[in-house]
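Visitor: Following this message is one structure expressed as structure tokens.
The values are calculated or read from the model by the stated rules, or taken from the named source; none is laboratory data. As the structure is a prediction and not an experimental result, all values here were calculated from the model. Because the Cβ atoms are built from the backbone with ideal geometry, glycine has one as well, and the counts that use them run over all protein chains shown.
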Amino acid sequence: MNSSKIHRKILSRIFFIDKQTLRTIFAFYMVYRFKVWFDDMDDIVRWIEIKPSHTFMDFNNIIQEAIGFDNKEAASFFVSDDRWRKISEIKKEKPARSEGDLTGNLDAPLMANIKIRTCVNDPHQHFIYIFDYNVQWTLTCELISIEASTDKQIYPWIYRTEGKPPRQYNDSKFKMLDNNEFDALAEKILAAKGIKSLLVEHEEELIAALDDEDLNDDLDDEEGDDVEGDDADHDEFGFNDLSNGIDADDLK
């Protein structure tokens, strides 16, 4: 039996209040305090207070605000057991088709239609929140306490924060550029640094210098070939001189 049912049962026996009235009192005067953190970055934590009468869409929105994401991507909550095993799914919106969907469960209820209190079945209820099915940002949500609400506070709200959240989109991942895109990017960089005008101004000098350098390289190559040829013709042991001093008749 979950904690909210226990509280209602005790109050009903003491004050003889019917269950429906107790539900209303509980939903109005109590708040859930959840600890929310990234599955693979447990040093980034948010504590969120939200009323039992709020929907999972309210929960989704306050989580997005807490981590500074743009809230444009698809998302799902998964009601989980005490070992974080997924039991049932609650979607942000119904996908147009199952392709690209996280589970392909087109019949899952929508966040806007489900109140949080209907899925709290444990004093430390667990939810898994997954945002952006392509990247699969995963956050774990654990109910850590049930508190009395205050009139001065507007709920839901971010009760406490710890750690700086990651960037939603990684700008450091550059796509491959074709030649035209690369040239355009290079011109833009050069222009920004004031180098392009310098290159254009001295273009003829640069071309002449490159031509001279190529010519010198060619001459060096030819001289190297001549040296190798001279070495090949060189008679290290004097056999040519020896053969020049021998008559053909001496070899008979």
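Visitor: Hey, could you check the stretch 28-43 for residues that are surrounded by 18 or more Cβ atoms within 10 Å (Cβ to Cβ) and under 19 Å from TYR169 (Cα atoms) and say which is modelled with the highest pLDDT?
Guide: TRP37
Visitor: Answer yes or no: is there a residue in the stretch 129-146 that is more than 28 Å from ARG167 (Cα to Cα) and surrounded by 14 or more Cβ atoms within 10 Å (Cβ to Cβ). Full working, then the answer.
Guide: At the first step, the residues of the stretch 129-146 found to be more than 28 Å from ARG167 (Cα to Cα) are 145-146.
After this cut, where a residue has to be surrounded by 14 or more Cβ atoms within 10 Å (Cβ to Cβ) as well, the list is 145-146.
The answer is yes; a qualifying residue exists.
Visitor: Right, here's the next one. From the list PHE127, PHE131, exactly one residue is at pLDDT below 95 and hydrophobic (A, V, I, L, M, F, W, C). Which is it?
Guide: On the way: PHE127 fails: at pLDDT below 95.
Checking each option against the conditions leaves just PHE131.
Visitor: Kindly evaluate SER76 against the criterion of being surrounded by 14 or more Cβ atoms within 10 Å (Cβ to Cβ) and at pLDDT below 95. Quick ask: steps written out before the conclusion?
Guide: Working: surrounded by 14 or more Cβ atoms within 10 Å (Cβ to Cβ): yes; at pLDDT below 95: no.
When the stated conditions are applied, SER76 does not pass them.
For every residue, the table says whether it meets (1) β-branched (Val, Ile, Thr); (2) closer than 27 Å to TYR169 by Cα; (3) part of a strand (DSSP E or B).
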position: ALA108; (1), (2), (3): no, no, no
position: PHE127; (1), (2), (3): no, yes, yes
position: ILE130; (1), (2), (3): yes, yes, yes
position: GLU142; (1), (2), (3): no, yes, yes
position: ILE146; (1), (2), (3): yes, no, yes
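Okay, residues lined up against (1) within 25 Å of TYR169 (Cβ to Cβ); (2) among the polar types (S, T, N, Q); (3) not in a loop (DSSP other than H, G, I, E, B):
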residue: PRO52; (1), (2), (3): no, no, no
residue: PHE59; (1), (2), (3): yes, no, yes
residue: ILE63; (1), (2), (3): yes, no, yes
residue: ALA66; (1), (2), (3): yes, no, yes
residue: LYS72; (1), (2), (3): yes, no, no
residue: PHE77; (1), (2), (3): yes, no, yes
residue: ARG83; (1), (2), (3): no, no, no
residue: GLU89; (1), (2), (3): no, no, yes
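Visitor: Please go through the stretch 25-61 and give me each residue that is among the aliphatic types (A, V, I, L, M) and within 15 Å of THR140 (Cβ to Cβ), ordered by number.
Guide: We begin by selecting, within the stretch 25-61, every residue among the aliphatic types (A, V, I, L, M); these are 25, 27, 30-31, 36, 41, 44-45, 48, 50, 57.
Matches in the stretch 25-61: VAL36, MET41, ILE44, VAL45, ILE48.
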